[in-house]
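The block underneath contains the structure these notes are about, expressed in C-alpha cells.
Here, each number is a calculation from the coordinates, and none is a lab measurement. All of these numbers come straight from a predicted model, not from anything done at the bench. Cβ coordinates were reconstructed from backbone atoms using ideal geometry, including for glycine residues, and neighbour counts include every protein chain displayed.
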Amino acid sequence: MVAHGSGLHRIAPVNAPCLGDLRLVDEAATARLGAAIAVALERGEAICLSGPLGAGKSALARGLIRALAPDAGDVPSPTFTLVQFYAGPRFEIAHFDLYRLARPEEAFEIGLDEALRDGAAVIEWPERLEGRLPPDRLDVAIRLDGEGRRARLTAHGGWEGRALEF
Ligand SMILES: Nc1ncnc2c1ncn2[C@@H]1O[C@H](COP(=O)(O)OP(=O)(O)OP(=O)(O)O)[C@@H](O)[C@H]1O
Ligand SMILES: [Mg+2]
C-alpha cells in the first residue's frame, strides 16, 4: 500500500461476486473512484450506479467521464434528457440517468444498445431497467456513511477478476 493524497492507493482484484466496501471520505474520493474505474473500463461495458437520492452517483459518473473524455467540461446530470454522450480518445461514453424512465424499453429507444456498441455506458438508477442489465458490467452500490459514503463493488461478466487501482 502506498500513501496517496488523503486516502490510500490499493491494488485490488475485483473478485466475483464482490470486492467489498470502499470508504469514500468526501466528494473528491468519490470522483477518484470514478477515475479509477475509467482506467479499467472497456468498450461494450457498463458501470451501474445505485444508491439513494444524493448518494453521489453523479459525482462518481463525473469523475469517470472526465477521465475518459478530458474535454467533457461540466458533465451535468442528464435528468431531463435521460442520456448525454461524450466523445473520448478511447471510445464514446454515454451517461444515463434513468430516474424518470417510464418503462425499461425506453432505455433502448434512447440508445442503450448503440451506446454499448460504440463505447461504454455509465448508468444511474439501473433499477429502472428491471433486470435488463448489460452482462459485462461493474455494479457500484453507494450508501451514506456518516459524513462520507461507502461503495460496494460487484463485478459481472467481463469485469470478473479485473484489477482496479484505487
Ligand atoms: N464521498 C462523499 N462524501 C460526502 N459527500 C459526498 C461524497 N460523494 C458525493 N458527495 C456529495 O453528495 C451530494 C449528492 O451527490 P450526487 O448529486 O452525485 O448524488 P446522486 O446520487 O447523483 O443523487 P441523485 O439520485 O439525486 O441524482 C453532493 O453534494 C456531493 O458533493
Ligand atoms: Mg445523480
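Divide by every residue of the chain the summed helix terms, -39500 (n - 2.57) for each DSSP H run of at least 4, and state the resulting mean residue ellipticity at 222 nm, rounded to the nearest 500 deg cm²/dmol.
Dividing the helical sum by the residues of the chain leaves -6500 deg cm²/dmol.
Please work out the Cα center distance from the range 120-136 to the range 54-107, rounded to the nearest Å.
The distance from the Cα centre of the range 120-136 to that of the range 54-107 comes to 12 Å.
How far, in degrees from 0 to 90, does helix 57-68 lean away from the longest principal axis of the Cα atoms of the chain, to the nearest 10?
90
Ranked by Cβ crowding within 10 angstrom, fewest neighbours first, how are 71, 136, 21, 97 ordered?
71, 21, 136, 97
Can you sort 164, 49, 24, 133 so the residue with the fewest Cβ neighbours within 10 Å comes first?
Ranked by crowding around the Cβ, least crowded first: 133, 164, 24, 49.
Among 122, 75, which comes first, then next, by fewest other beta-carbon atoms within 10 Å?
75, 122
Within the chain, what percent of beta bridges assigned by DSSP are antiparallel, to the nearest 5?
60
Each residue of the range 139-151 in order: what ³J(HN,Hα) in whole Hz does its phi give by Karplus 6.51 cos²θ - 1.76 cosθ + 1.60, θ = phi - 60°, with x for Gly and Pro?
Along the range 139-151, the couplings run 8, 10, 9, 9, 9, 6, 8, x, 6, x, 9, 10, 10 Hz.
In nm, to one decimal, how far is the residue 74 label point from the residue 27 one, both placed 7 Å along Cα→Cβ?
1.4
Hey, with R₀ at 22 Å, roughly what FRET efficiency would residue 90 and residue 160 work out to, going by the Cβ-Cβ distance, to 0.05?
0.55
How big is the shadow of the Cα convex hull of the chain, averaged over all directions, in nm²?
That works out to 9.0 nm².
Taking only Cα atoms, what is the 0 to 90° angle, nearest 10, from helix 27-40's long axis to the longest principal axis of the chain?
That helix lies at roughly 70 degrees to the long axis.
Determine the shape class of the range 119-166: with a ≥ b ≥ c the square roots of the Cα gyration tensor eigenvalues, call it rounded for a/c under 1.5, and otherwise prolate if a/b is greater than b/c, oblate otherwise.
Since a/c reaches 1.5 but b/c is at least a/b, the shape of the range 119-166 is classed as oblate.
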